[in-house]
């Protein structure tokens, strides 16, 4: 079994899996939407992560009518959101660690458990 990020699929296999022409995959690469790994002989290799990303691109273009420029914007925003979510998780963990050590009283910090919460500190 291969890892999610391990590039193992050739362009012909991916094109067949997604019912695409290989030229479409090359176009996605030229547009910067995907970046397959390359062998020493410069053959493109795709990971399962790449395939899932292409499935998202196809849903956006085929099912929702988004053009490739719009797809690029959506993918960049999605990436930013994922980075911000990681940062929020890190800050939430840091706050929890600080609270365990008693450096910040619990009454001065509010941390909610949903996905997009703010951390608010009370000034005194």
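The values are calculated or read from the model by the stated rules, or taken from the named source; none is laboratory data. Everything numeric here is computed off the predicted structure, so don't read it as measured data. Methodologically, a virtual Cβ is constructed for each residue, glycine included, from the backbone with ideal geometry; neighbour enumeration extends over all protein chains shown.
What to note about this one:
- Note on segment 17-31: among residues that are outside any helix (DSSP H, G or I) and in contact with a helix residue (DSSP H, G or I) (Cβ under 7 Å, 6 or more places away or on another chain), the one that is modelled with the lowest pLDDT is 31.
- Scanning segment 5-35 for residues that are on the phi > 0 side of the Ramachandran plot and more than 19 Å from the chain's Cα centre (by Cα) yields a single hit, 19.
- Just one of the listed residues (104, 71, 110) is part of a helix (DSSP H, G or I) and either modelled with pLDDT under 95 or not assigned by TED's automatic domain parsing to the domain that holds residue 8 (or both), namely 71.
- The residues of segment 40-49 that are part of a loop (DSSP other than H, G, I, E, B) and surrounded by 11 or more Cβ atoms within 10 Å (Cβ to Cβ), listed by number, are 43, 47.
- If you go through segment 1-15 and keep only what is surrounded by fewer than 13 Cβ atoms within 10 Å (Cβ to Cβ) and more than 19 Å from residue 56 (Cβ to Cβ), you end up with 1, 2, 3, 8, 12.
- All conditions but one from (1) touching a strand residue (DSSP E or B) at 6+ places or on another chain (Cβ under 6 Å); (2) modelled with pLDDT under 95 apply to residue 14; the one that does not is (2).
- Per the listing 31, 50, the residue uniquely over 19 Å from residue 9 (Cβ atoms) and in contact (Cβ under 8 Å) with a residue 40 or more places away in the chain is 31.
- Restricting segment 59-75 to residues that are farther than 23 Å from residue 3 by Cβ and touching a residue at least 12 places away in the same chain (Cβ under 8 Å), the residue that is surrounded by the most Cβ atoms within 10 Å (Cβ to Cβ): 71
- Checked against the criterion of being modelled with pLDDT of 95 or more and either within 22 Å of residue 79 (Cβ to Cβ) or not in a helix (DSSP H, G or I) (or both), the candidates 1, 54 yield just one match: 54.
- Yes/no for residue 62 being on the phi > 0 side of the Ramachandran plot and modelled with pLDDT under 95: no
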